[in-house]
1. What are the pairs, 6+ residues apart or on separate chains, where a residue within region 140-166 that is on the phi > 0 side of the Ramachandran plot and at pLDDT 95 or above has its Cβ under 8 Å from a residue that is surrounded by 17 or more Cβ atoms within 10 Å (Cβ to Cβ) and not in a strand (DSSP E or B)?
2. Does residue 120 count as surrounded by 14 or more Cβ atoms within 10 Å (Cβ to Cβ) and assigned to a helix (DSSP H, G or I)?
3. What number of residues within region 174-195 satisfy the criterion of being in contact (Cβ under 8 Å) with a residue 12 or more places away in the chain and farther than 17 Å from residue 44 by Cβ?
4. If only one of 99, 91 is out of contact with any helix residue (DSSP H, G or I) (no Cβ under 9 Å at 6 or more places or on another chain), free of Cβ contacts under 8 Å to residues at least 60 places away in the same chain and surrounded by fewer than 19 Cβ atoms within 10 Å (Cβ to Cβ), which one is it?
5. Taking the criterion of being out of contact with any helix residue (DSSP H, G or I) (no Cβ under 9 Å at 6 or more places or on another chain) and in a loop (DSSP other than H, G, I, E, B), would at least one residue in region 44-64 satisfy it?
6. Which of the residues that make up region 18-41 are part of a helix (DSSP H, G or I) and touching a residue at least 60 places away in the same chain (Cβ under 8 Å)?
């Protein structure tokens, strides 16, 4: 008796309407710092993480390790680590720039219902080292790709994400008590946005405007 082969997957066709909506998704993906405190359904968080790990990874190594931070004491520890790092960052600015920095809201740690720490596992054996012998940093870049995938998926579900970079990675590592081979890539606040804006908050509050033109593109 022969066994029927599984049907061949048919690649989807993305039409103009889909591409326009995809551009909307990119434009409306914002770094959110102001969250409503209402909880997210656990199934939705699981769904976002499942979509995040569809991201590409060097050598198919899949080195991302996510930690969902629920414990109040650990969250408090992260907030204190942010406060120390933020004070140190403020001290590097002077005059009007320092005053502007002090007015910025730079994290949603006080209100975000979900907090996720994204780590790279530098000791992973998955992928057998393919693709990262000459550029080992691509292991961490793979986790960045997963973070971006989660960010877009969250936006598509009406959920906001904020990336908190003003943190000492070693402090977060100690607070969360993760394996030694894990290295922090991103600490994420996740929840429903308190307000919606097309422009970045840092642009709206006068920190940095979008750069005009294509100066980031070099042709050879």
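The values are calculated or read from the model by the stated rules, or taken from the named source; none is laboratory data. Just so it is clear, the structure is predicted and the values come from calculations on it, not from any experiment. Positions of Cβ are generated from backbone atoms using ideal geometry, with glycine treated the same way; all protein chains shown enter the neighbour counts.
1. Listed pairs, sorted by first residue: 158/192.
2. Working: surrounded by 14 or more Cβ atoms within 10 Å (Cβ to Cβ): yes; assigned to a helix (DSSP H, G or I): no.
Taking the combined requirement at face value, the residue does not satisfy it.
3. Quick first cut of region 174-195, residues in contact (Cβ under 8 Å) with a residue 12 or more places away in the chain only: 175-176, 178-179, 181-195.
Filter once more, keeping what is farther than 17 Å from residue 44 by Cβ: 175-176, 178-179, 181-187, 194-195.
Of the residues in region 174-195, 13 are in contact (Cβ under 8 Å) with a residue 12 or more places away in the chain and farther than 17 Å from residue 44 by Cβ.
4. It is 99.
5. No: zero hits.
6. Going residue by residue through region 18-41, those that are part of a helix (DSSP H, G or I) are 18-28.
Residues satisfying the conditions are 25, 26, 27, 28.
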